[in-house]
Amino acid sequence: MNSSFESLSTELLFEFFDYLSPFDLFRIFINLNNRLNAIVYSYPLRLDFRSICRSKFDFICRHLQPKQVISLILCDECVPDRVKLFLYHFPHFKEQFLHLQSITLIEAETITFIDLPISVSSISIKIYDTDDYYDQNYISEILSRQAKVLTHLKINSKDLHDLIDIRFPALTHLIIGGGCYYDSDYDYMDVSFPLENTDVHSLIQQWQCFLTHLYLVIDNKIQYSIFNLDRFSHCLTHLALHFYQAIQVSFVCLERCLIKLFQLTKFTCQASGSWDLIDGKQ
């Protein structure tokens, strides 16, 4: 039976590995024989450490090869210092994770700065604490170092003011979340910062990028009243707009926004609006 399983091609074994968690992958197959070790360590890993116990976390860190990790999610939201602990296992992160393509940082401690390899082209950052001055440097420093290679970015609108002076020439996919969340008692919390003299849409234009995909949460009427995406008329193909319930959306305003997006092939709108918004004849 072992001989039959081991005779399977690497491609078939990879398909089988897709159904296993990283913990189970290492627990089952590591140190059985040299061939399986080589195959396991060549398997592209996508690690999600948002909800995992300490023992499994340590086990995975002890057995993985950094060069096999292509996607990584690190989170301090539920377990404090998880990011710091991961960097303790891998103190030379930039030189070790040479094939890393995507990283997500959730509530990462600001004192734990991660210097990313040049291979990282997709970044998602979510930080709720608005009182820490070092959050600003933390976000802008990470993104400025990856600015030339970054193609995918997900960030909250409250953090945009940190990026005014950065250019993202390679950026094609952008998700801008709202400046609000729900606390543990499910109360609505507004943690947004006003963008002094700079609205979201003007800021995106200053980045000098050519977006093809944009998801935008609009959480105040000021942003809505000056909504303008003409800068991307020749490149934007996918657009999703999520208006908070306090904003009443009209067909006329949406039409003014969309009429010059000549390359748009898919549009999604989540909103509370006036009746003309659902008039199928328009």
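For this structure, a couple of remarks:
- Relative packing of peptides 18-27, 204-213 - highest average C-beta neighbours within 10 Å first: 204-213, 18-27
- Peptide ranges 232-241, 85-94 listed from the most packed, as the mean C-beta count within 10 angstrom indicates: 232-241, 85-94
- The listed peptides 256-262, 151-157, ordered by packing as a protection proxy, come out as 151-157, 256-262 (highest mean of other Cβ atoms within 10 Å first).
All of the numbers you see were taken from the coordinates with simple rules; none came from a lab. Quantities reported herein were computed from a predicted structural model and do not represent experimental measurements. All Cβ positions, glycine included, derive from the backbone under ideal geometry; neighbour counts span all protein chains shown.
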